[in-house]
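Structure, as structure tokens:
Quick note: the coordinates plus some simple rules give every number you see, no bench work behind them. Remember, it's a predicted structure, so these values are computed and weren't measured experimentally. Note that each Cβ is placed from the backbone with ideal geometry, even for glycine, and that neighbours are counted across all protein chains shown.
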Amino acid sequence: MVLNVSNNSVFDQKRATLVREMPARLEPLITAQEVEAEKLVGWVQLVVVGIWAMLFLIAPRPVDAPMSMLLEPVPLALFGYLLFTVGRLYLAYRAPLSRSFLMLSIFVDILLLLWLIWSFHDQYQQPAAFSLKVPTFSYMFIFIALRALSFDYRLVLITGMSAAMGWAGIVLLVLVESEPDIITRSFVLHVAGNKVLLGAEFDKIFTLLLVTGVLALAVKRGREVMITAVHEQATGRDIRRFMPGDVAKAIATSEQAIEAGQAVERQAAIMMLDIRGFTAFSKEVEPRDIVSMLTSLHARLIPIIEAHGGVVDKFLGDGLMATFGAVEPSDRAAADGLRAMEEIMSEATAWRKDLNENSVATKVDVNGALTAGPVVFSTIGNADRLEYTVIGEAVNLAAKLEKHNKVECTRALMPAASYALAKAQGYVTTRSPADEPDLRLRRHVSGVAETIDIYVISK
């Protein structure tokens, strides 16, 4: 027997599993959502009380007694509910409300609302059955709906069941306080007078329970979706730390699904950086010291790259590769890359000095190379694992030039053609004439068939 499970079913299973096995790091995020929900509930209820008060003030009263108006049943009920609502709103802003307090507040909400409804027959000097026809009953549904904002279906169920039981209690109280003939089977007498039609009251109770059940189910599913969304948001935020920001943005804003093989050709600059003497250093120190050194270097260099519009493409052990104008097209990629390289070399000198002063290392330095030219910015991998990368001769040449620093006894090199392109794109040197980059003609670079002219960006 073969079972065919739809994509929706698989999603529901995964969502249910996530809810049951929610990572501990997500609990503060969920709690924050619940806290904000309780604040919103408080404000909505405050608005409701204000509407009730306004309606009462504009409604005609059977007795003209302005001086004693505040002592009438309805104003007293409204005032009591106002105090409770303001108090709960105040507590919601001070700290997360406990589950027991929320339970208590639900019962108080319903009791105060029922008291308000029951007060109408005294307020207007009518039989007890008069309270059953008060339109304020419809606010029961508002109270139930407000609980949905907390994304807790249990609170919805408690509110709805409390409202249904409370209304049943009101009906019973009416029957106890009324004449034996208060019950009627005539819909006309019920509507036109103060007779009680049990079927109508049953409809109200049934409607309360039905709305509660449907809303609780919706909230339960909504909470699962919320937890899934919060998890994906947190996971996405963590994952974005492992990729360049511009790449993450490109993925998030893509109108079509990202697939392997997608590519675009662009004019870009490629920067290769590497730590000279790293191998010898790593043999002399503990692994934690190696990580600490790399972290301190990256903390200095990455902000410089990003400040000049560059993107760290990948970390290569003790080195890294950065691109300018590959992820997002730029008409000044070479110029930006050269400015970044000069600043990086200066910062690397300060970094090495700090290491020496702390006796961490004495024989390490940063080598670099910068090239510019056409590259292909593409996705590689398969359906389950994708990665953005940059492919082109400029990438290969940058890697070879970085290693060529050992031959030239330099720190940073750049092809003459790329240097000329940087100047054409607006690069203006801030160096003194005596400190101009050294041009070395027709250099043999390992892995490059023809000789090339190179500029020494840093010695």
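Observations on the model:
- From most to least packed by mean Cβ count within 10 Å, the peptides 34-44, 340-350 give 340-350, 34-44.
- Charge tally in the Cβ shell below 12 Å around Ala449, where Lys, Arg are +1 and Asp, Glu are -1, Ala449 excluded: -1
- Environment charge at Arg300 (Cβ cut-off 13 Å; Lys +1, Arg +1, Asp -1, Glu -1): -2
- Of Lys195, Lys423, Lys400, Lys283, the sequence from fewest to most neighbouring Cβ atoms within 10 angstrom is Lys283, Lys423, Lys400, Lys195.
- Were the residues from Ala416 through Lys353 laid out at 0.36 nm apart, the gain over their Cα-Cα distance would be 19.7 nm.
- Rounded FRET efficiency, nearest 0.05, which uses the C-beta distance separating Arg94 from Lys363 and R0 of 51 Å: 0.30
- Gain on full extension, evaluated as 0.36 nm per residue between Trp43 and Leu76 minus their Cα-Cα distance, stands at 9.8 nm.
- Sequence of Thr429, Thr371, Thr410 once ranked by neighbouring C-beta atoms within 10 Å, starting from the fewest: Thr429, Thr410, Thr371
- Exceeding the 31 Å Cα-Cα cut-off - candidates Lys314/Lys406; Lys314/Lys353; Lys363/Lys423: Lys363/Lys423
- Calculated from backbone phi, Karplus (6.51, -1.76, 1.60) coupling profile of region 294-302 in Hz, x at Gly/Pro: 4, 4, 5, 5, 4, 4, 8, 8, 4
- In this label model, Ile182 and Leu439 are separated by 10.7 nm, measuring between points 7 Å along each Cα→Cβ vector.
- Simple label model, 7 Å out from Cα along Cβ direction - Val225 to Glu284, nm: 6.1
- The overall shape of region 256-458 is oblate: from the C-alpha gyration tensor, with semi-axes ordered a ≥ b ≥ c, the ratio a/c is 1.5 or greater and a/b is no larger than b/c.
- This ranking places Ile452, Ile270 by how few other beta-carbon atoms lie within 10 Å of each, fewest first, which gives Ile452, Ile270.
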